[in-house]
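What follows draws every value from the coordinates through simple rules; no lab data is involved. If you're wondering where the values come from, they're calculated on a predicted model, not measured in any experiment. Heads up, the Cβs are rebuilt from the backbone with ideal geometry, glycines too, and the neighbour counts pull from every protein chain shown.
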Amino acid sequence: MVKRRSYSSLRAYLVDTDTNQEQLATRLGISQPFLSMLLSGQRKPSVDLALRIEAETGVSVRAQVEGSAA
């Protein structure tokens, strides 16, 4: 079984995986402007979106909800 890396923030995930915001937003089923607002802390993810982000990126739900993902 391959262990997935955990990231402390969405920004760290984007940089480390050489993923752009548009690519990640598409995979999450959200718009790039909304992802940008999440990254800047202007918006917080719903529980459903936070779980999708964690499944896709390894960024913990707690980090997202507490704002350390921004």
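Return the long-range amide H neighbours of S60 (sequence gap of 5 or more, or a different chain), with a cut-off of under 5 Å between placed amide H atoms.
The answer is Y7.
How far apart, in nm, are the 7 Å Cα→Cβ label points at V47 and F34?
Result: 1.8 nm between the two label points.
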